[in-house]
1. Run the simple label-point estimate for Q152 and I14 please: 7 Å along Cα→C-beta, distance reported in nm.
2. Can you divide the C-alpha Rg of the chain by 2.2 N^0.38 Å and report the result to two decimal places?
3. With point charges of +1 on the Cβ of Lys and Arg and -1 on the Cβ of Asp and Glu, referenced to the Cα centre of the chain, which listed residue (L108, Q57, A76) lies farthest in the positive direction of the dipole?
4. D for region 98-170, whole µm²/s, Stokes-Einstein with Kirkwood Rh over alpha-carbon pairs at 10 °C and 1.306 mPa s: what number?
5. Could you give the size of the charge dipole of the chain about its Cα centre, using +1 on the Cβ of each K and R and -1 on the Cβ of each D and E, expressed in debye and rounded to the nearest 20?
6. Let me spell out the model: positive unit charges on the Cβ of Lys and Arg, negative unit charges on the Cβ of Asp and Glu, origin at the Cα centre of region 74-175. What dipole size does that give, in debye rounded to 20?
7. List the aspartates and glutamates whose Cα lies under 15 Å from the Cα of K145, skipping any in the same chain that are fewer than 8 positions away.
8. Distance cut-off 28 Å, Cα to Cα: go down the list K95/K175; K109/K157; K6/K43; K39/K62; K105/K146 and report the pairs above it.
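The values are calculated or read from the model by the stated rules, or taken from the named source; none is laboratory data. What you see is a predicted model, and the numbers here were worked out from it, not measured in a lab. So basically every Cβ, Gly included, is an ideal-geometry build from the backbone, and we count neighbours across all protein chains shown. Heads up: the accessible areas ignore ligands, DNA and RNA and are worked out on the full protein's heavy atoms, side chains in. Shrake-Rupley method; radii C 1.70, N 1.55, O 1.52, S 1.80 Å.
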Amino acid sequence: MELQLKELKQDELIDFWNLAFSNPNAEWTKWNGPYFHDKLPEKQAFINLNQDNKYLQNPLRKIIWVDNQMIGMVSAYYEDEPLNQWLDVGIVVYKQDKWHRGIGKLALKQWIDELFENTSLPHIGLTTWSGNYRMIGLAESLELKKEAEIRQVRFWKNQYWDSVKYGVLRSEWIK
(Lines give C-alpha, C1' and ligand atoms only; values in the text may rest on other atoms or scores of the structure.)
Protein backbone atom coordinates (compact mmCIF):
# COMPACT_ATOMS: atom_id res chain seq x y z
CA MET A 1 0.00 0.00 0.00
CA GLU A 2 1.37 3.40 -1.01
CA LEU A 3 0.07 6.26 1.16
CA GLN A 4 0.69 9.91 0.35
CA LEU A 5 -0.49 13.17 1.88
CA LYS A 6 -0.86 15.94 -0.69
CA GLU A 7 -2.40 19.39 -0.83
CA LEU A 8 -5.63 19.55 -2.81
CA LYS A 9 -5.16 21.02 -6.28
CA GLN A 10 -7.64 23.02 -8.31
CA ASP A 11 -8.25 20.22 -10.82
CA GLU A 12 -9.12 17.84 -7.95
CA LEU A 13 -11.89 19.99 -6.42
CA ILE A 14 -14.83 18.15 -8.00
CA ASP A 15 -13.42 14.71 -7.22
CA PHE A 16 -12.79 15.73 -3.62
CA TRP A 17 -16.26 17.23 -3.23
CA ASN A 18 -17.79 14.01 -4.60
CA LEU A 19 -15.73 11.93 -2.17
CA ALA A 20 -16.25 14.05 0.92
CA PHE A 21 -19.44 16.04 0.65
CA SER A 22 -21.81 14.57 -1.96
CA ASN A 23 -23.60 12.40 0.62
CA PRO A 24 -24.83 14.43 3.61
CA ASN A 25 -25.68 11.18 5.42
CA ALA A 26 -22.29 9.53 4.89
CA GLU A 27 -21.16 7.41 7.81
CA TRP A 28 -18.17 9.67 8.57
CA THR A 29 -20.53 12.58 9.38
CA LYS A 30 -21.87 10.60 12.37
CA TRP A 31 -18.42 10.51 14.01
CA ASN A 32 -16.69 13.77 13.06
CA GLY A 33 -18.09 16.18 15.67
CA PRO A 34 -21.74 15.48 14.78
CA TYR A 35 -22.92 17.61 17.72
CA PHE A 36 -21.75 20.72 15.82
CA HIS A 37 -24.34 20.05 13.09
CA ASP A 38 -21.94 21.42 10.46
CA LYS A 39 -23.45 21.91 7.02
CA LEU A 40 -21.51 20.31 4.19
CA PRO A 41 -20.48 22.70 1.42
CA GLU A 42 -22.66 22.94 -1.68
CA LYS A 43 -20.94 21.74 -4.84
CA GLN A 44 -21.09 25.02 -6.80
CA ALA A 45 -19.79 27.07 -3.88
CA PHE A 46 -17.02 24.54 -3.22
CA ILE A 47 -15.71 24.51 -6.79
CA ASN A 48 -16.19 28.27 -7.38
CA LEU A 49 -12.67 29.59 -7.90
CA ASN A 50 -13.77 33.16 -7.18
CA GLN A 51 -14.38 32.27 -3.53
CA ASP A 52 -11.89 31.34 -0.85
CA ASN A 53 -11.67 27.59 -0.38
CA LYS A 54 -9.97 26.52 2.85
CA TYR A 55 -9.30 23.07 1.37
CA LEU A 56 -7.47 24.21 -1.76
CA GLN A 57 -3.65 24.21 -1.61
CA ASN A 58 -3.69 24.58 2.17
CA PRO A 59 -0.61 23.23 3.98
CA LEU A 60 -2.78 22.51 7.05
CA ARG A 61 -5.18 20.28 5.09
CA LYS A 62 -3.84 17.39 3.07
CA ILE A 63 -5.65 14.74 1.11
CA ILE A 64 -4.92 11.11 1.96
CA TRP A 65 -4.12 9.18 -1.20
CA VAL A 66 -3.81 5.39 -1.08
CA ASP A 67 -2.54 3.66 -4.22
CA ASN A 68 -3.34 6.82 -6.22
CA GLN A 69 -6.92 6.97 -4.91
CA MET A 70 -8.25 9.87 -2.84
CA ILE A 71 -9.77 8.45 0.37
CA GLY A 72 -9.62 11.03 3.13
CA MET A 73 -8.02 14.09 4.66
CA VAL A 74 -5.74 15.06 7.52
CA SER A 75 -5.92 18.54 8.96
CA ALA A 76 -4.42 20.78 11.58
CA TYR A 77 -5.68 23.96 13.19
CA TYR A 78 -4.42 26.36 15.79
CA GLU A 79 -6.46 26.39 18.99
CA ASP A 80 -4.98 29.77 19.89
CA GLU A 81 -5.06 31.86 16.70
CA PRO A 82 -3.41 34.29 16.10
CA LEU A 83 -0.66 33.16 18.51
CA ASN A 84 -0.25 29.84 16.62
CA GLN A 85 1.46 27.95 19.42
CA TRP A 86 -1.20 25.27 20.11
CA LEU A 87 -1.81 22.91 17.19
CA ASP A 88 -4.47 20.20 17.04
CA VAL A 89 -4.80 17.61 14.30
CA GLY A 90 -7.70 15.79 12.75
CA ILE A 91 -8.29 12.98 10.30
CA VAL A 92 -11.25 11.75 8.27
CA VAL A 93 -11.29 8.66 6.09
CA TYR A 94 -14.35 9.35 3.94
CA LYS A 95 -14.46 5.94 2.26
CA GLN A 96 -16.01 3.60 4.78
CA ASP A 97 -14.74 0.54 2.90
CA LYS A 98 -11.21 1.70 3.79
CA TRP A 99 -11.86 1.71 7.56
CA HIS A 100 -10.19 -0.91 9.80
CA ARG A 101 -7.19 -1.34 7.48
CA GLY A 102 -4.56 0.67 9.36
CA ILE A 103 -4.76 3.56 6.88
CA GLY A 104 -5.78 6.10 9.51
CA LYS A 105 -2.88 5.13 11.76
CA LEU A 106 -0.39 5.34 8.90
CA ALA A 107 -1.77 8.67 7.67
CA LEU A 108 -1.92 10.29 11.11
CA LYS A 109 1.59 9.11 11.98
CA GLN A 110 2.91 10.55 8.73
CA TRP A 111 0.99 13.80 9.36
CA ILE A 112 2.34 14.26 12.88
CA ASP A 113 5.86 13.52 11.58
CA GLU A 114 5.40 16.21 8.93
CA LEU A 115 4.01 18.77 11.38
CA PHE A 116 6.89 18.28 13.81
CA GLU A 117 9.35 18.59 10.88
CA ASN A 118 7.76 21.82 9.66
CA THR A 119 7.12 23.59 12.96
CA SER A 120 9.13 24.22 16.10
CA LEU A 121 6.16 23.40 18.35
CA PRO A 122 6.81 21.20 21.39
CA HIS A 123 3.26 19.67 21.41
CA ILE A 124 0.63 18.43 18.98
CA GLY A 125 -2.86 17.59 20.17
CA LEU A 126 -5.96 15.74 19.01
CA THR A 127 -9.47 16.34 20.33
CA THR A 128 -12.37 13.94 19.96
CA TRP A 129 -15.46 12.89 21.90
CA SER A 130 -16.10 9.87 24.08
CA GLY A 131 -18.51 8.34 21.55
CA ASN A 132 -15.85 8.20 18.84
CA TYR A 133 -14.20 5.00 20.02
CA ARG A 134 -12.31 4.55 16.73
CA MET A 135 -10.57 7.94 17.09
CA ILE A 136 -9.78 7.20 20.73
CA GLY A 137 -8.31 3.85 19.67
CA LEU A 138 -6.29 5.55 16.93
CA ALA A 139 -4.86 8.16 19.32
CA GLU A 140 -3.94 5.49 21.85
CA SER A 141 -2.42 3.19 19.20
CA LEU A 142 -0.05 6.05 18.29
CA GLU A 143 0.78 6.41 21.99
CA LEU A 144 -0.68 9.89 22.30
CA LYS A 145 -1.31 10.66 25.96
CA LYS A 146 -4.78 11.33 27.27
CA GLU A 147 -4.36 14.87 28.58
CA ALA A 148 -7.90 15.90 29.45
CA GLU A 149 -11.45 14.68 29.60
CA ILE A 150 -14.04 17.40 29.92
CA ARG A 151 -17.10 15.60 31.13
CA GLN A 152 -20.53 15.84 29.56
CA VAL A 153 -20.05 18.87 27.31
CA ARG A 154 -20.93 17.37 23.91
CA PHE A 155 -24.66 16.91 23.40
CA TRP A 156 -25.59 14.40 20.70
CA LYS A 157 -28.61 12.12 20.26
CA ASN A 158 -30.23 13.29 23.50
CA GLN A 159 -27.15 12.37 25.51
CA TYR A 160 -24.13 14.18 26.91
CA TRP A 161 -20.68 12.94 25.91
CA ASP A 162 -17.21 13.87 27.09
CA SER A 163 -14.71 15.89 25.09
CA VAL A 164 -11.43 13.95 25.14
CA LYS A 165 -8.04 15.52 24.46
CA TYR A 166 -4.90 13.64 23.52
CA GLY A 167 -1.43 14.97 22.83
CA VAL A 168 2.18 14.19 22.27
CA LEU A 169 5.35 16.12 22.97
CA ARG A 170 8.04 16.39 20.32
CA SER A 171 10.50 14.64 22.68
CA GLU A 172 8.08 11.70 23.11
CA TRP A 173 7.31 11.46 19.38
CA ILE A 174 10.93 11.38 18.31
CA LYS A 175 11.50 8.31 20.49
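1. According to this spin-label approximation, the distance is 5.1 nm.
2. 1.03
3. Checked the options; the winner is L108.
4. For these conditions, the coefficient is 120 µm²/s.
5. Dipole about the Cα centre, nearest 20: 480 debye.
6. Computed about the Cα centre, the dipole is about 520 debye.
7. Qualifying aspartates and glutamates at Cα under 15 Å: D88, E172.
8. Checking Cα-Cα distances, K95/K175; K109/K157 exceed 28 Å.
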